[in-house]
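Undergrad: Starting off with a structure, shown below.
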Amino acid sequence: MVRTKDPAVRALLIRRAAAMLRARQPVTLRSLVAGTGVSTMAVYTYFDGMTGLWRAVRQEGFTRLAAALAAVEESADPVRDLAALGAAYVANAEANPDLYRVMFDAGFDLEDPAAADTTLQALVDAITRAKARGRFSPDVDAAGLATQSWAIGHGLASLVIHGPLPAEAFDHAIPMLTALFTAAGDRPERARRSIRKGWALGGGR
């Protein structure tokens, strides 16, 4: 008889693995399941072993990030939307610090790399709309600018959540993004207004 897999057990093991990593606890088959009510065989049943578990942990981080970015509603102001996506990125990192730490560990492959790529594509799409509306220069490389925008959000999130900076450091996002988008062709004051609106709407500070 084939037993049906319980998604709740899979989710439980992913959450526990990420939490143990954050706490710098050694993650073994036994320590992972200790106190959970499931056996060590569950790791093989749901993930085909520890390597598969770490792949799933990384993937879950990107899955939650994609959901956070998808929740940002598109508006008539693509620059505002870009800032909102950045703020949503930071808010997701704060809400899921354990997964956030693991999702960028390239020591384990992702289960679905293409799905992870959709997170950057959300920024690329907003930049493409900004170019079409004349906010950014026509020759701006959308993928390159998206990467730079991501780097700002990721750098601040990493330094605040897992590093030495206080939460107030998130305030630097507005001037940093303003400088970046101005260099891309937007007018400074217009860019700043849009960014402030988007940063607030996306859950930023």
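Undergrad: Over its Cα atoms, what ratio of radius of gyration to 2.2 N^0.38 Å does segment 58-139 give?
TA: 1.19
Undergrad: Now, a different point. Contour minus end-to-end for Arg22 and Glu94, with contour as 0.36 nm per residue of separation and end-to-end as the Cα-Cα distance?
TA: So the extension gain works out to 24.6 nm.
Undergrad: For segment 105-144, state the average projected area of the convex hull of the C-alpha atoms over all orientations, rounded to one decimal in nm².
TA: Mean orientational projected area (segment 105-144, Cα hull): 3.4 nm².
Undergrad: Name the trypsin sites (Lys or Arg not before Pro) in segment 1-107 that are in a loop by DSSP and that have at most 14 other C-beta atoms within 10 Å, would you?
TA: Working: sites: Arg3, Lys5, Arg10, Arg15, Arg16, Arg22, Arg24, Arg30, Arg55, Arg58, Arg64, Arg80, Arg101; in loops: Arg3, Lys5, Arg24.
Taking segment 1-107 and a limit of 14 other Cβ atoms within 10 Å, the loop trypsin sites (Lys or Arg not before Pro) found are Arg3, Lys5, Arg24.
Undergrad: Could you work out which residue, out of Ala18, Ala132, Ala87, moves most in a Gaussian network model of the chain, that is, has the largest mean-square fluctuation with Cα springs under 10 Å?
TA: Most flexible of the set in this elastic network: Ala132.
Undergrad: Please work out the average accessible area per residue across segment 1-42, using the 1.4 Å probe convention, and give it in Å².
TA: Value for segment 1-42: 72 Å² per residue.
Undergrad: With point charges of +1 on the Cβ of Lys and Arg and -1 on the Cβ of Asp and Glu, referenced to the Cα centre of the chain, which listed residue (Leu180, Ala23, Thr51) lies farthest in the positive direction of the dipole?
TA: Result: Ala23, furthest along the dipole toward the positive end.
Undergrad: Next question, about the same structure. For Arg133 and Ser75 in one chain, what is 0.36 nm times their gap in residues minus the Cα-Cα distance, to one decimal in nm?
TA: Taking Arg133 through Ser75 to full extension adds about 19.7 nm, to one decimal.
Undergrad: With no solvent and one equal point scatterer placed on each C-alpha of the chain, evaluate the Debye formula and give log10 I(q)/I(0) for q = 0.10, 0.12, 0.18 Å⁻¹, two decimals.
TA: -0.49, -0.65, -1.14
Undergrad: Within the P(r) computed for segment 81-203, what percentage of the Cα pairs occupies the region above 27 Å?
TA: Above the 27 Å cut-off, segment 81-203 has 18 percent of its Cα pairs.
Undergrad: So, one more: Return a whole-number percent for the relative contact order of the chain, with Cα pairs under 8 Å and 6 or more residues apart as the contact set.
TA: Working: 245 pairs, mean separation 52.4, N = 205.
Computed value for the chain: 26 percent relative contact order.
Undergrad: With every protein chain left in place, what is the accessible area per residue of segment 97-205 in square angstrom, probe 1.4 Å? Write down the numbers at each step before the final one.
TA: Details: 5540 Å² over 109 residues.
Per-residue value: 51 Å².
Undergrad: Right, another one. Pop out the carbon and sulfur fraction of the accessible area of the chain as a percent, whole number, probe 1.4 Å.
TA: Whole-percent figure for carbon plus sulfur exposure: 55.
The values are calculated or read from the model by the stated rules, or taken from the named source; none is laboratory data. No experiment lies behind these values; they were computed from the predicted model shown. So basically every Cβ, Gly included, is an ideal-geometry build from the backbone, and we count neighbours across all protein chains shown. Calculation scope for accessible area: heavy atoms of the full protein, side chains included, ligands and nucleic acids excluded. Shrake-Rupley method; radii C 1.70, N 1.55, O 1.52, S 1.80 Å.
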